[in-house]
Structure formats: structure tokens, C-alpha cells
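Some notes on the structure that comes next.
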Amino acid sequence: MTPQPATRSQHAPPSHADERMALRSALGRFTTGVTVICAQSPDLHVHCMTVNSFASLSLDPPLILWTLRTGSARYETFSKATSFSVNVLAETQIEVSRKHAKPPAEGFSVRNWKAFLGGCPIIEGASAHFVCKGHTEVKKGDHVILIGEVTDFAEYNHPPLLFMGGKYFSGSSVKPL
């Protein structure tokens, strides 16, 4: 017997909003890491945002990608950035993730980084960081894929913060099968 989807009614056809929420729920079953992307604007303000759509793209050349909603209040800032950092958050950094999940009222972030590399903020206590120059944008649907070339990176011995189904998880409890 085939299992029935948990979020769909078998009686009434789903509305567009119902389908969208069902799709979001199904996509949320994929566990991701949590990153904070940071860039410095020409006016020297630092802009940071929480992102879980980060992925490696290529080792040669070293490329990563992340996505951003084109309707985001931060779209203009990040689409114009010539460099940015990706900070892979540690399991102890849930509050850092929450802090950067919404744009700050003043438009830029308060200081919570430990240093600048290549003009990009590096967040203290992260599991890893990547500094990227330039980017290519690929617009699809309501998002843009931003591709950056990795120019510097470091890995630290901190278990990562994970996210699935709207909840945070500890990377230290993840065990190989």
C-alpha cells in the first residue's frame, strides 16, 4: 500500500496557497546547514542575513552558491556586493541565526564579527567561513542564484547548526549510518 501524503486533503482540490504550503513543508524535510552571508556596502555598513540555501558548486574553480528572494529587502544590497562571506554557523549560534533572519530596522548589522577578510566580515565562533569575490546571478522564479568564487576559507572544530522542518538541530548529535 502506498503511503498517502500527510498534508493533502483527499476530498477537495487543493488551492494554490495550500499547494504552496504543502510544497514548502515537503522541501523542509531536507536538512540543511545554517549560514549567515555578510557583505560590506560602499558606505562601509555591514549587511548580514541568515541563509540555508547555501551549497558547494565546484572545486575547480572553487565556487559556491546561495539563493535570495528577488523581493527581499536585502536583494539590492547583496546583488551589488562585489565580495561576500559565508559563515557556517555552529550549533551554539541559534541566536545569531535568528538575529539575522530579518532585516534590521536601520538596514545594517550591529557588530558580531571577529575580523574582516577581503573586505568581508567573519562571524566569531562559526564552524567554517568562505570569502568570495564577484558573483554571477541566475534569476529563476522568485529567487536569484548567486554564485561566488571562493578566495579564502577556514574550518573550525565546532559542530554545525542544522535546520529542518522549521526547527534547529545540533550537528554534534548527527551520527553516520
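Considering only alpha-carbon pairs that sit under 8 angstrom and 6 or more positions apart, the relative contact order computed for the range 114-165 is 33 percent. Packing, as the average of other Cβ atoms within 10 Å across residues, places the peptides 72-85, 49-62 in the order 72-85, 49-62, highest first. Surface analysis of the range 13-160 yields an accessible area of 57 Å² per residue, using protein heavy atoms and a 1.4 Å probe.
Annotation: amide H-H contacts under 5 Å for HIS143 (H modelled 1.01 Å from N, sequence separation of 5 or more, or interchain): THR70. Computed from backbone phi with θ = phi - 60° and the Karplus coefficients 6.51, -1.76 and 1.60, the 3J(HN,Hα) list for the range 121-135 is x, 10, 7, 4, x, 5, 6, 6, 9, 9, 9, 10, 10, x, 6 Hz; x is used for glycine and proline. Taking amide H atoms as placed 1.01 Å from N in the peptide plane, the amide H of VAL51 lies under 5 Å from those of THR35, VAL36, ILE37, each 5 or more residues away in sequence or on another chain. In the range 115-169, the portion of solvent-accessible area held by carbon and sulfur atoms comes to 58 percent [1.4 Å probe, whole percent, DNA, RNA and ligands not counted]. Taking 22 Å as the cut-off for C-alpha to C-alpha distance, list the pairs among LYS80/LYS139; LYS80/LYS167; LYS80/LYS140; LYS80/LYS133 that go past it. Those over the limit are LYS80/LYS167. Sorting the segments 128-135, 33-40 by their residues' average number of neighbouring beta-carbon atoms within 10 angstrom, most packed first, yields 33-40, 128-135. Of the residues ILE145, ILE122, the one with the largest accessible area comes first in the ranking ILE145, ILE122, computed with a 1.4 Å probe on protein heavy atoms. The three principal axes of the C-alpha atoms in the range 27-177 carry coordinate ranges of 45, 33, 33 Å, sorted with the longest axis first.
The values are calculated or read from the model by the stated rules, or taken from the named source; none is laboratory data. It should be emphasised that the depicted structure is a prediction, and the values quoted were computed from it without experimental measurement. Note that we place each Cβ from the backbone using ideal geometry, even for glycine, and neighbour counts take in every protein chain shown. With ligands, DNA and RNA removed, areas are computed over all heavy atoms of the protein, side chains included. Shrake-Rupley method; radii C 1.70, N 1.55, O 1.52, S 1.80 Å.
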